[in-house]
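Worksheet for the structure shown next.
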Amino acid sequence: MKMLIGGRWVDRDEKIEVIDPYDNSVVDTVPSGNEKDVLAAIESAARGFETMRRLPTHERVAILRRTAEFVARDKEKFARMIAREGSKTIREARKEAFRCSNTLQIAADEARKIVGETVNFDAAPGSENRVGYYYRFPIGIIAAITPFNDPLNLVAHKLGPAFAGGNAVVLKPATVTPLSALLLAEAFLEAGLPPEALQVVTGRGDRIGDVLVTDPRVRMISFTGGPEAGESIARKAGLKKIGMELGSNSPVIVMADASFDLAVECSVSGAFWAAGQNCIGVQRIYIEKPIYEKFADAFVARTKKYKVGPKLEEDCDMGPMITEGEAKRIESWVNDAVKAGATLLAGGKRRGAVYDPTVLADVPEGARVGCEEVFAPVVSLYPVENLEEAVRLSNGTDYGLLAGIFTSSIENAFYAIREMDVGGIIVNDSSDYRVDQMPFGGVKRSGLGREGIQFALLEMTEPKVVCFNLQGIGR
Ligand code: NAP
C-alpha cells in the first residue's frame, strides 16, 4: 500500500515489509517515509485544517457516520488485515473492526454536542455591563502516533475525535502494523473527508518522529505507546498539548467472596487477549488465601485448554507475539524469574514468535515479570491475607491504568475504588474491560490525559471566550 500525503497516495523506492509474525510471510509493503515527507504532510495538513475548521458540524457528522458504515460494511476485510499484519486471531480482529465502527459512530454523535456556555462577567465588580459566552474551537494540526496492538481501533480513537472537533491530522502508525490504518484512511476519503485533512506517513519513529513532534505548526501530539517513547516525545515536544496513553502491568484482586467461575473466566481472557499485548491486560492477580489453591488450579486448567496457533483459523484462541524478538524477550524474563525462585504452572515455551500462555507463582520481589510491563501472555498469581494487602501490592508499581476486583461485598468494592491508584476500577470484571465512550487513561507512568471520544474531544478543542462591553454599543 502507499502512504497518504496531500490528498494523494504516495510511494517511495525505499520500502518497509509488513510481515505476518506467525509464518513470516510478507503481507504487503509500505513506503519508508522520510523527514521531507513529514514536512510535506504538515504543510498539507495546514491547508486541510483551513478546510476542516470551516466545515459545518452536520458535514463532519456525516463524514464520520459514513466512515463508520464503510468499516461495518467491510468488517471482514478490516478483520483479516488486523489479523494478518499483527498478533490477533481472526475472532479478536473481528471484535476490533466492530469496535472501530462503533468508535466512529460515537465520534459522530459527540460532534453534535460540542457547545459552550454563557459567562457571568457581572459577578466581578467593574464588569456590570459585560455579557458573553465561550465556545470550543479546533486546536489545529494534531500528530497522532499509534502502537501495533490495536492497529485499527486505536487509530479511530484519534481520528474520530480529531475530525469531530474540526482538526487536521498527521498520523504515524506503528511500523509493524501500518496497513489497517491505511485501509481506514481509504474509508475516510471514500466518505468524503476533505483530502488534506488526513495524512498518513508510514516510516520508522526513530527516523521521522523528531521532525513530526518538534514542528511548531503541530499543536497537539496524541500518542499511544510505550512509556520510553512517550517520555522521549514529551521532552522534545516543546510548547504544544500532549496526550499520552502509555503502558501498565494491571492488577486484578480476587476476594474469597467473589463469583469464582466469573473471576477465573474473565481473568484468563484478560491475561491472554491479543497474546497479552494489551495495555490493560491482566498481569498480576492477587487472590485471597482461602481460595488461592482452588483458583490457581482452575486458572491453570483453563489456560491449558487454550488453542494457540494459526490466527486465521476460527477456533484459534491466541496468536503469536508481534515479533520473534519480543517472544525471546519475554522468554528470558520468565527464565530469569524461574531462576530466581518463581514456579512455572503453565506455558513457558516458545516456537518462533509464539509464546505459550504462561502462568507463574512464587514470583520473587523485583522480578521483571512482576514489576515491569510484560506485554506478553504471562500472568503471575499471588496469595494475599486480605484486601488491604492486595491493594498495597497493587499500588506498589510505577503504573496505574485500569484495575479489576472480583467481590460480592460493596464494602470491599468501595475500599478498592477509594484506595487504588489507577485511572479506572472494574468491579466484577478484569482490568481488560473497556468501552469506547468511557474516559480512558492512567496515572503515574501510564499516561497523561484521557481518551474516550467525549474526553479526547475536550483535549482536541479549546475554549474561546467572547465578551461584549455593552457600553461600546451605545444604548
Ligand atoms: P512503542 O514502541 O512506544 O511505539 C508506539 C508508536 O510510537 C509507534 O508508532 C512508534 O513508531 C512510535 N515511536 C517510537 N519512537 C518514537 C519517537 N522517538 N518519535 C515518534 N514516534 C515514535 O509502542 P508499541 O510497542 O507499538 O506498543 C506497545 C506499548 O503501547 C505498550 O507499552 C502498551 O501498553 C502501550 N499501549 C497503551 C495503550 C493505552 O491506551 N494506554 C493502548 C495500547 C498500547 P515505530 O513503530 O516506527 O517504532
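The values are calculated or read from the model by the stated rules, or taken from the named source; none is laboratory data. Quick caveat, the model's predicted, so the values are computed rather than measured. A quick note on method: Cβ atoms are made from the backbone with ideal geometry, for glycine too, and the neighbour counts reach across all protein chains shown. With ligands, DNA and RNA removed, areas are computed over all heavy atoms of the protein, side chains included. Shrake-Rupley method; radii C 1.70, N 1.55, O 1.52, S 1.80 Å.
Can you give the convex hull volume of the alpha carbon atoms of segment 34-100 per residue, in Å³? If you can, show how the numbers build up before the last one.
Details: hull volume 7.0 nm³, N = 67.
Output value, Cα hull per residue: 104 Å³.
Quick one: which of 268-280, 309-321 comes out on top by average Cβ neighbours within 10 Å, and what's the full order, highest first? Write out the running numbers ahead of the final one.
Working: 268-280: 25.5, 309-321: 19.4.
Answer by packing, highest mean first, reads 268-280, 309-321.
Report, in debye and to the nearest 20, how large the dipole of segment 250-427 comes out about its Cα centre when Lys and Arg carry +1 and Asp and Glu carry -1 on their Cβ.
Dipole about the Cα centre, nearest 20: 560 debye.
How large, in percent, is the carbon and sulfur part of the accessible surface of segment 250-427 at a probe radius of 1.4 Å?
Values: 3560 of 7010 Å².
Carbon plus sulfur share of accessible area: 51 percent.
Which FRET efficiency value, to the nearest 0.05, is calculated for Ile473 and Thr29 with the Förster distance at 45 angstrom and r the Cβ-Cβ distance?
Calculated value: 0.10.
Stretch Glu76-Lys339 to full length: gain in nm at 0.36 nm per residue minus the Cα-Cα span?
90.2 nm
Give the accessible surface of the chain per residue, rounded to a whole number of Å², with probe radius 1.4 Å and ligands, DNA and RNA excluded. Each step should come with its number before you reach the end.
On the way: 19510 Å² over 475 residues.
Here the per-residue accessible area is 41 Å².
Under 17 Å Cα to Cα from Lys2, which lysines show up? Leave out anything in the same chain fewer than 8 places away.
Leaving aside lysines fewer than 8 places away in the same chain, those within reach of Lys2 are Lys15, Lys36, Lys172.
Would you mind computing, in nm to one decimal, how far apart the modelled labels at Arg418 and Leu39 are, each placed 7 Å from Cα along Cα→Cβ?
So the two model labels end up 5.8 nm from each other.
Report, in debye and to the nearest 20, how large the dipole of segment 121-229 comes out about its Cα centre when Lys and Arg carry +1 and Asp and Glu carry -1 on their Cβ. All intermediate terms of the calculation are to be shown ahead of the outcome.
Numbers: 8 positive and 10 negative charges, 19 e Å.
For this selection, approximately 100 debye.
Calculate how steeply helix 410-419 sits against the longest principal axis of the alpha-carbon atoms of the chain, using the helix alpha-carbon long axis, and give the answer as 0 to 90 degrees to the nearest 10.
Tilt of helix 410-419: around 60 degrees.
Calculate how steeply helix 57-73 sits against the longest principal axis of the alpha-carbon atoms of the chain, using the helix alpha-carbon long axis, and give the answer as 0 to 90 degrees to the nearest 10.
Taking the Cα atoms of the chain, the angle to 57-73 is about 30 degrees.
Run through all the Cα pairs of segment 250-427 and give the fraction in each 5 Å bin from 0, expressed as whole percent.
1, 9, 19, 22, 21, 15, 8, 4, 1, 0
At what distance in nm do the modelled label points of Ala301 and Arg235 sit from each other, each positioned 7 Å from its Cα along Cα→Cβ?
Roughly 5.1 nm, to one decimal.
Spin-label point model (7 Å from Cα, Cβ direction): what's the Lys2 to Arg392 distance in nm?
Here the answer is 6.3 nm between the modelled labels.
List the relative contact order of segment 250-427 as a percent without decimals, with contacts defined as Cα pairs under 8 Å and 6+ residues apart. It would help to have the intermediate numbers written out before the result.
Details: 338 pairs, mean separation 50.0, N = 178.
Rounded, it is 28 percent for segment 250-427.
When 1/r is averaged over all different Cα pairs and the result inverted, which Kirkwood radius in Å belongs to the chain?
Values: mean 1/r = 0.0428 Å⁻¹.
About 23.4 Å for the chain.
Diagonalise the Cα gyration tensor of segment 384-456 and give the resulting equivalent ellipsoid semi-axes, square root of 5 times each eigenvalue, largest first, whole Å. Walk me through the intermediate numbers first.
On the way: eigenvalues 100, 44, 15 Å².
Taking √(5λ) for each Cα gyration eigenvalue gives 22, 15, 9 Å.
Select from Phe414, Val379, Leu402 the residue farthest towards the positive end of the dipole of segment 250-427; place +1 on Cβ of Lys and Arg, -1 on Cβ of Asp and Glu, and compute about the Cα centre.
With unit charges placed on the Cβ atoms, the residue in question is Val379.
Would you mind checking segment 443-465 for residues with the amide N under 19 Å from a putative spin-label position 7 Å along Cα→C-beta of Cys371?
Only 444-446 pass the distance filter.
For segment 330-475, just the Cα atoms, rotate onto the principal axes and tell me the three extents in Å, largest first.
For segment 330-475, the Cα spread along each principal axis is 84, 42, 25 Å.
If you fit an axis through the alpha-carbon atoms of helix 205-214 and take the longest principal axis of the Cα set of the chain, what angle between them do you get, 0 to 90°, nearest 10?
It is inclined by approximately 40 degrees.
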